[in-house]
Amino acid sequence: MDRLFGLLRIPSISTDPAFGGDCARAADWLVADLRDLGFEAAARPTAGHPMVVAHGGEGGPHLLFYGHYDVQPVDPLNLWHRDPFDPVIEDTAKGKVIRARGASDDKGQLMTFIEACRAWKAVHGTLPCRLTMLLEGEEESGSPSLVPFLKGNAGELS
């Protein structure tokens with residue numbers, strides 16, 4: 001949970017230029033986490049926010065995981081009962097939930113990819129296949145850099 005909460009604390013709001021530095025910080029955070037896990041990872045420049053590309057494993061089929069580290073704005077802020085970038089686990093009638101901007105869209109989901117790799121490697125020592133992670137920082141603003149990046153890097157990603 002510490003890793004997920006660390007990422008959730010970064011206000012990577014791609015639709016507001018005031019948060020451009022935070023988007024870059026989220027990309028750098030992911031690169032560092034993926035490198036610690038043994039991936040070759042880099043935050044690659046685009047016309048907008050960085051694209052995180054990470055490669056791990058070898059042999060077998062090649063899988064590509066896609067996710068995004070940017071989040072929606074938090075406005076109107078007064079509707080939040082707490083700081084949206086201060087994650088907390090709360091008990092609800094349906095069970096425990098994580099409350100924070102990005103917990104389900106999409107930082108929580110992309111962390112399941114990373115943590116699944118971490119768990120697999122802890123048990124088996126290495127990944128069972130070649131794996132690429134492509135994590136963008138502009139999904140919430142329409143992914144303007146995604147198609148150009150895919151076209152320019154198709155060989156590396158396929």
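Per-structure values
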| quantity | calculated |
| --- | --- |
| Residues located in segment 121-142, provided they are touching a residue at least 12 places away in the same chain (Cβ under 8 Å) and part of a loop (DSSP other than H, G, I, E, B) | Thr126, Leu127, Pro128, Cys129, Gly137, Glu138 |
| Options His81, His124; residue that is at pLDDT below 95 and either surrounded by fewer than 17 Cβ atoms within 10 Å (Cβ to Cβ) or of a type in the set (Val, Ile, Thr) (or both) | His81 |
| Test result for Ser104, loosely packed, with under 13 Cβ neighbours inside 10 Å, hydroxyl-bearing (Ser, Thr, Tyr) and closer than 19 Å to Arg9 by Cα | yes |
| Every pair of residues 6+ apart whose Cβ atoms lie under 8 Å, when the first sits in segment 93-119 and is farther than 13 Å from Tyr69 by Cα while the second is among the β-branched types (Val, Ile, Thr) | Lys96/Ile89; Val97/Ile89; Ile98/Val88; Ile98/Ile89; Arg99/Val88; Arg99/Ile89; Ala100/Val88 |
| Of residues in segment 84-101 being over 28 Å from Val31 (Cβ atoms) and among the acidic types (Asp, Glu), the one surrounded by the most Cβ atoms within 10 Å (Cβ to Cβ) | Glu90 |
| Checklist (1) farther than 26 Å from Thr126 by Cβ; (2) crowded, with 17+ Cβ neighbours inside 10 Å; (3) not polar (S, T, N, Q) applied to Phe39, failing item | (1) |
| Single match in Leu64, Leu34 (criterion: surrounded by fewer than 17 Cβ atoms within 10 Å (Cβ to Cβ), under 16 Å from the mean Cα position of the chain (by Cα), over 20 Å from Asp16 (Cβ atoms) and among the aliphatic types (A, V, I, L, M)) | Leu64 |
| Verdict on Ser145 being farther than 24 Å from Arg25 by Cβ and either buried (at least 18 other Cβ atoms within 10 Å of the Cβ) or modelled with pLDDT under 95 (or both) | no |
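The values are calculated or read from the model by the stated rules, or taken from the named source; none is laboratory data. Remember, predicted model here, so these are calculated numbers, not experimental data. Glycine also receives a Cβ, built like all others from the backbone with ideal geometry; neighbour counts cover every protein chain displayed.
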